[in-house]
Amino acid sequence: MAKEKIYSADQLVKVIEELKADGKVVVFTNGCFDILHVGHVRYLAVAKGEGDILVVGLNSDKSVRGLKGKNRPVQDEESRAEIIASLQSVDFVVIFDEADPLSLIVKFRPDILVKGEDWGEGEIVGGAEVLSWGGKVVRARLSPGSSTTSIIDKIKSI
């Protein structure tokens, strides 16, 4: 069932157009989601609460390596996509190769863009674009002490 939520960008753009035509509010967020933790689960639940449909852009393995270094990701993109898609709060997952999701945001034209509060208002990729078509940008609170890096560091110290 989770794999049925994983789409290519071209497939998903058509689905999003239909959902928006039906009056659904589409929310977009993105991330690496390398090792799923409670902070991710809470963040995605908050994002889902902003609208009707939550689309998660997932950085590909290539993209994660470029952002996080040669030893990442810990889990491959197919596994990460299936894990994220299995969450009740997530409606669709799309994997992207770029360093940031700007091309997806422009293609999907979400009503709401959600990023973590660690991003400044002017730093959120795609924020200006979403605002330009009348959408909203939300900075979600993060769960202190929850990070993939801290989990990896803890495992290394065992």
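Key figures for this structure:
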| item | result |
| --- | --- |
| Lone unmet requirement of (1) over 14 Å from Ala47 (Cβ atoms); (2) modelled with pLDDT of 95 or more; (3) out of contact with any Lys or Arg (no Cβ under 9 Å at 6 or more places or on another chain) for Gly122 | (2) |
| Qualifying position, being within 24 Å of Val13 (Cα to Cα), free of Cβ contacts under 8 Å to residues at least 24 places away in the same chain and not basic (Lys, Arg), among Glu82, Glu123, Glu98, Glu77 | Glu77 |
| Subset of region 1-26 [among the acidic types (Asp, Glu) and surrounded by 11 or more Cβ atoms within 10 Å (Cβ to Cβ)] | Glu17 |
| Of residues in region 1-30 being basic (Lys, Arg) and under 20 Å from Glu82 (Cβ atoms), the one modelled with the lowest pLDDT | Lys3 |
| Any hit, region 67-88, residues being modelled with pLDDT of 95 or more, part of a loop (DSSP other than H, G, I, E, B), buried (at least 16 other Cβ atoms within 10 Å of the Cβ) and of a type in the set (Ser, Thr, Tyr) | no |
| Asp118 vs. criteria of a type outside the set (A, V, I, L, M), over 30 Å from Lys14 (Cβ atoms) and surrounded by fewer than 14 Cβ atoms within 10 Å (Cβ to Cβ) | yes |
| Residue in region 119-135 that is among the hydroxyl-bearing types (Ser, Thr, Tyr) and in contact with a helix residue (DSSP H, G or I) (Cβ under 9 Å, 6 or more places away or on another chain) present | no |
| Candidate set from region 36-61 (those that are under 20 Å from Val13 (Cβ atoms), in a loop (DSSP other than H, G, I, E, B) and not charged (D, E, K, R)); member that is nearest to the chain's Cα centre (by Cα) | Ser60 |
| Lone qualifier among Asp118, Asp100 - being within 11 Å of the chain's Cα centre (by Cα) and in a loop (DSSP other than H, G, I, E, B) | Asp100 |
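The values are calculated or read from the model by the stated rules, or taken from the named source; none is laboratory data. A quick note: this is a predicted structure, and the numbers were derived from the prediction, not measured. Quick reminder, even Gly has a Cβ in these numbers, built from the backbone with ideal geometry, and neighbours come from all protein chains shown.
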